[in-house]
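Right, one structure below, let's go through it.
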Amino acid sequence: MRRFMALALVVVVAAAVVCGCAKSTSDKVVVRITDNEGKIPPRTVTAGYVNERLDKMIVPYIPDIPGDEGRRRIIEDVIRKELLVIQALRLGLDTHEYQAGAREFHSQQKAEMMLRADVIEKPSTLSQKDIEDYYTVREMTFQLLEIATETKEEAEAAYKRVTEGGEDFARVAQEISVLPSGKEGGRMPILEWKNYHPLVRVAIQHLNNGDVSQPVNMGNWQVFKVLSRKDPAYRTPLEGQHLAGVTQEAQAFARGLKEHEVNMAWMAAADVQFDEGVLALASTRTDETVAKQIPDMGKPADVETRMARAAAHVVPELPDEEKGKVLFTYKIGGKKKTVTLGDYQEILKGTEGMETPKGDGPQGIERLLRNRVHAEIIAYEIDKRGYRNTREFKDYLAERAEELMVKLLYEADVINKVSEPTPIEVREYYETHRADYAQPPSADVQHVIVPTEEIANAVRQQLLAGQTTFEKALDLHATSSWLKNNKGIVTDYYQGEQRFPYLQEPTFRLRPGEISEPIAAPGGFAIVKVLKRNPERFLTLEEAGPRAAQSLVGERREARLNQLLDEIRATVTIETIDGNLQYVRDTAEVLKEKKAAAGLAAPSRGGQ
């Protein structure tokens, strides 16, 4: 025991040292800005703050500059923001009337984000194997039979009949299923796995032909049988941008399932119990009030009238003797709570008119109140975890407050001080920037992507010999349903654009009517034919006018912003601590990592 405790102590101390180093590194000050008049307390920028901004930045905004030069570039952006905050503080924008409402909104938003991260996102993080398993089944096609029942007990009985009892699944579906498919023996359309409801996908993911799923709660309770499970004809290699896209999709799927699981567990623990008689009474009183307040409810009307009806604030009238009737009970944190009809009336008084039930029957009232219970559960879970007392939470609110200050300052000192350009100014700007409104050469092309280079060569020979057409080749070999649906045609494909990068080289090398050699493309190899070429042209003033006006306003605002920043710089002292720049991440390395994570490697080309 003593040895174990000693070892544990060593681990804790080592962890503390590592954490301490990380913390001290992130707290290293890289810039200090002092108000020359001493009215605003000095502001510091730490390496940790700059690194956090780098982590949140998207690829196009990260300088591809290694070393201290790249670090100084990103730090300069932070300094600009800090200067605006200093000016906003001087103007008292930290106490602007908008701040209280914004703080309330961001407080709830951040608390919910932190709760979601802890109970949904972190527990549902996928490994590489998880992603590969997801991809293996993603495009498989399934033919299913289903039996749907109203209760769990009926579904469990059906499951036993078709498994232990050996009864024919289709016959049982015809006998008891409550869905229209029951008449057809429970037969469902053939779909790719990824297109089924998420709960169905989970139920069938590991089933083989002939297997039957356990009952699944889909509103109704359902049991599924796999008639067939087939691999796709071809799978795009799981790499580059395709890997990034599938990873994002698989992660979203896992998080959606976890969210469903967590919410179901929360609501089960809440043990919401409605008194059906009192619920029916609440519905009756609601209908009576709607009849008085909106006598034409349900009658044909124009959109504006229907919207006005929907927005009406309906609070049912209740005699005093009914207000004490218990509508439902529930539990929060194990403590039982009771809601009476009178409580329900008060709840509706504080509810937006659009959300108040109006002729939706008992189900509409129950849905509203269950949502209220769910919101109360979230509030309880947030308070229980103490998120609002953490440094992360407080820093987040401080950042949002500063963002609002900067926005208000920008509106007052930049937007409102830049005039809209006149038609003459727009014309002059267009004429002096005419090169900016050149439309590059473009083409209409048709192409097909097939799984292998061997097939691509065969298809090309058939196309050249007139033995097939692109449409037929797409029907036989296409790996993309989008290509098939669009006959492989891409119109107005511009030189230099980022869509379909594999098309760039052949499109602007070939003459109209020519057919390319096989080109490496996502999912296989492409054969490309140029249908039409369009030369470079300049947009007319009528076409480019709105863009020119927008650009002119943008330039004027940028000039005014720079002028404002220069004015503020003249009133402060900015000190850069060069020795601490090393603690800011190398911007070129950050950019490289983000590109790799997004699968933004340069596309390969055929024949190389």
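By the count of other C-beta atoms within 10 Å, a proxy for reagent exposure, His106, His206, His242, His447 are ordered fewest to most as His206, His242, His106, His447.
Residue ranges 170-179, 349-358, 65-74 sort as 170-179, 65-74, 349-358 when ordered by packing (mean number of other C-beta atoms within 10 Å per residue, highest first).
Net charge of the neighbourhood of Arg32, taken over other residues with C-beta under 12 Å away and scored Lys/Arg +1, Asp/Glu -1, is -1. Under 5 Å between amide hydrogens, built in the peptide plane, is the criterion, and for Leu144 it picks out Met188, Leu227 among residues at least 5 positions away or on other chains. Around the Cα centre of the stretch 271-359, unit charges on the Cβ atoms of Lys, Arg, Asp and Glu (plus for the first two, minus for the last two) sum to a dipole of about 260 debye. Remark: the Val29-Glu192 segment gains 53.3 nm on full extension, using 0.36 nm per residue and subtracting the alpha carbon distance. Average projection, convex hull of the Cα set of the stretch 271-359: 6.6 square nanometres.
For the chain, the membrane-span-like helix rule (DSSP H, alpha carbon extent of at least 20 Å along the helix axis, mean Kyte-Doolittle at least 0.5) picks out 2-26; this says nothing about an actual membrane.
Taking the inverse of the mean reciprocal distance over all distinct Cα pairs, the Kirkwood hydrodynamic radius of the stretch 436-588 comes to 19.6 Å.
Length gain on complete extension for the stretch Glu175 to Ser228, per 0.36 nm per residue less the alpha carbon to alpha carbon distance? So the extension gain works out to 16.8 nm. With the helix formula -39500 (n - 2.57) applied to DSSP H stretches of n ≥ 4, the chain reaches a computed 222 nm mean residue ellipticity of -16500 deg cm²/dmol.
Taking 18 Å as the straight-line reach from the Cα of Lys532, the aspartates and glutamates in range (excluding those fewer than 8 positions away in the same chain) are Asp444, Glu471, Asp492, Glu497, Glu505, Glu514.
Counting Lys and Arg as +1 and Asp and Glu as -1 over every other residue whose Cβ lies under 14 Å from the Cβ of Val246, the net charge comes to -3.
When each of Ser26, Ser481, Ser442 is scored by the number of other beta-carbon atoms lying within 10 Å, the sequence from fewest to most is Ser481, Ser26, Ser442.
As a ratio to 2.2 N^0.38 Å, the alpha-carbon radius of gyration for the chain is 1.28. Taking Lys and Arg as +1 and Asp and Glu as -1, the other residues whose beta-carbon sits under 15 Å from that of Leu541 total -2. When the pairs Lys110/Lys331; Lys56/Lys81; Lys194/Lys225; Lys56/Lys110; Lys337/Lys358; Lys325/Lys384 are compared against a 21 Å limit on Cα-Cα distance, Lys110/Lys331; Lys337/Lys358; Lys325/Lys384 fall above it.
Shape of the stretch 538-589 from the C-alpha gyration tensor: oblate (a/c of 1.5 or more and a/b not above b/c, with a ≥ b ≥ c the square roots of its eigenvalues).
In summary, the lysines within cross-link reach of Lys529, defined as a Cα separation below 23 angstrom excluding same-chain residues under 8 places away, comprise Lys472, Lys484, Lys487. Ordered from longest to shortest, the equivalent ellipsoid semi-axes for the stretch 140-231 are 19, 13, 12 Å, each the square root of 5 times a Cα gyration tensor eigenvalue. Available extension along the chain between Lys472 and Glu411 is 16.2 nm, counting 0.36 nm per residue and deducting the alpha carbon span.
Laboratory data are not the source of any read-out in this text; all were calculated from the coordinates shown. Everything numeric here is computed off the predicted structure, so don't read it as measured data. Quick reminder, even Gly has a Cβ in these numbers, built from the backbone with ideal geometry, and neighbours come from all protein chains shown.
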